[in-house]
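> My structure is below; once you've seen it, I'll send some questions.
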Amino acid sequence: MDAGRIAPQRERRARLFLLALLAALALVLLAAYLARPEGVLVRAAMPEQGGWLPAELKARVGEPLRLRLISEDVTHGFAVGRHDAPAVDVNPGEYREITLLFDQPGKYVYYCTRWCGLNHWRMRGTIEVVSAGQPGSDGQAAPAEPPLYLQLGIDIDAPHPAAVVPEGRPRAELTAGRISGLPEHYRSREYYLSHSPSQAWQALRQEPAAQALSDEQLWSLVAGLWQAQTRVERLEFARQQYNQNCAACHGAQGAGDGVAARQMADGAGSGPVMGMQGHGLQKPSSFADPGAMLGASPALLAGKIVRGGMGTGMPYWGPIFDDDQVMALVEYLYTFQFDYSLEVKDE
Amino acid sequence: MTKTSLHAVLPWLVLALLAALVLLLPLPVAAAAPRARRFRIEASQFAYSPAVLRVNPGDQVTIELAPQDVVHGLSIDSYPVDLQADPGQVASLTFTADRPGVFKLRCSVTCGNMHPFMTGKLQVGPPTLLWRSLGLALVALAAALLPRFK
Ligand SMILES: [Cu+2]
Ligand SMILES: [Cu+2]
């Protein structure tokens, strides 16, 4: 018995040691807690596997929203529409942290920016941003006026063949000096937005001022009018966005022959690969076909881009591009028809 | 006595010399003048086409990566090449093939379940390693047969 007894000193030391150990453990836990990764975990997966998880996020105006992004399968990308945070890649096996700040309430859409599969363009989620003070108030500005195509009564889903088409590709440069003889309204933004090039051509054919022009010269004149409405400084932005978001379907040269188009169904549309909702899928439009493109007004094209095809396979871009960006895209689409000489702007 | 031993050793010496020659001798291949080469590589799950690029040392090599289905990448071992592109886009880059040898092409974007097997190769210069090993094999064969002719 005696031999088994521990001296009181040693016992105290042992207790102290144990206490110190416990304190150290608590400290470590506290440190781990403080250094824990902050932010909402958002997982990315191919749309067939569920897309974004969660697909609905909430945030407050002026309060940073921290996200930790990770992919479950392939490389995806993350960007928020109508927001200027740069897109980031989301890779499997590595957390990507980003912080978003919103200064306007509203419903934002985030979307995948890497072409991860055939249904890539369906990979979207929403962020509901409420104003800091009153939760629930969605603070959205007064109802926006209806889009131009609705005001003009254009059916953006109907075929719009051009009544007249040029022999070759109209060049804008021939016309630089001639535009001045025309009634002013042809040169207005309103005219441009609401008329297709072939409508403009037909109207101009009736103009006394244009009587002396050949058909080809008249097309050059139309190209000149269209060029005058094209903001050259926005074309580069539009080209990049087009290549990134549209070329896979519509083709880099606008011919409707993008790599994804090959896999999309013809007309009737029972594309096997678009399994998620394969009805009514169509071939992507060709912007290089004058018969269709010259029959389309900017209002029609912008309307289609914003609203999408509603089941045709054409995504809707309204929550992603603002009006100005959509118009830049529309202006860019006409470059598949017209040769602009971009130095010679309308005098 | 010395004579016979020399007689026995001589063939081995010759063979050893031959092996050394096979390993070290510069190959009698006319070095082609460097030129510019352009490859358009179409990438789709999970292969490159073409998957083998043959160039000569010193060539200016331009690679255009054109994905055909999903986003792909292309990097080359030991060369500062790393391209990425979404389908519909073409990413390109030019480099000088200044290291001879065979290098692996790899997809640098996780593009699907077979992604790790999405590879190809860049061969700079003739496949000297192959020829040298063939030569060595011949020498080894001779060495193996030598005792029979004694
Ligand atoms: Cu994706
Ligand atoms: Cu790949």
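The values are calculated or read from the model by the stated rules, or taken from the named source; none is laboratory data. Since the model is a prediction, treat every value here as computed from it, not as a measurement. Because the Cβ atoms are built from the backbone with ideal geometry, glycine has one as well, and the counts that use them run over all protein chains shown. Side chains are part of the model used for accessible areas, which takes the heavy atoms of the whole protein and leaves out ligands, DNA and RNA. Shrake-Rupley method; radii C 1.70, N 1.55, O 1.52, S 1.80 Å.
> Given the stretch B:67-150, what strands (runs of 3 or more DSSP E) lie entirely inside it while holding 1 or more residues that are open to solvent by 50 Å² or more (accessible area, probe 1.4 Å) and over 30 Å from B:A8 (Cβ atoms)?
In the stretch B:67-150, the matching strands (runs of 3 or more DSSP E) lie at B:81-85, B:91-96, B:101-106, B:119-124.
> On to the next question. Hey, can you tell me all the residues within the stretch A:196-214 that are open to solvent by 50 Å² or more (accessible area, probe 1.4 Å) and in contact (Cβ under 8 Å) with a residue 12 or more places away in the chain?
Hits for the stretch A:196-214 are A:Q199, A:Q202, A:R205, A:A209.
> Hey, another quick one. Need pairs with beta-carbon distance below 9 Å; first residue touching a residue at least 40 places away in the same chain (Cβ under 8 Å) and within the stretch A:21-46, second among the acidic types (D, E); sequence gap 6+ or separate chains.
Close Cβ pairs satisfying both conditions: A:P37/A:E97; A:G39/A:E97; A:A44/A:E72; A:A44/A:D73; A:M46/A:E72; A:M46/A:D73.
> Take the residues in the stretch A:105-129 that are open to solvent by less than 20 Å² (accessible area, probe 1.4 Å) and away from chain B (no Cβ under 14 Å); name whichever of them is farthest from A:G313 (Cα to Cα).
A:V129
> Can you find a residue that is out of contact with any Gly (no Cβ under 7 Å at 6 or more places or on another chain), open to solvent by less than 40 Å² (accessible area, probe 1.4 Å) and not small (G, A, S) anywhere in the stretch B:16-36?
Checked the stretch B:16-36: no residue is out of contact with any Gly (no Cβ under 7 Å at 6 or more places or on another chain), open to solvent by less than 40 Å² (accessible area, probe 1.4 Å) and not small (G, A, S).
> Let me ask something additional. Within the stretch A:232-255, does at least one residue satisfy the condition of being more than 14 Å from chain B (Cβ to nearest Cβ) and part of a loop (DSSP other than H, G, I, E, B)?
No, every residue in the stretch A:232-255 fails to be more than 14 Å from chain B (Cβ to nearest Cβ) and part of a loop (DSSP other than H, G, I, E, B).
> Restricting attention to the stretch A:305-325, which residues are crowded, with 23+ Cβ neighbours inside 10 Å and in a helix (DSSP H, G or I)?
A:I305
> Follow-up. Select, from B:F39, B:F46, the only residue that is among the aromatic types (F, W, Y), in contact (Cβ under 8 Å) with a residue 12 or more places away in the chain, within 14 Å of chain A (Cβ to nearest Cβ) and surrounded by fewer than 19 Cβ atoms within 10 Å (Cβ to Cβ).
The unique qualifying residue is B:F46.
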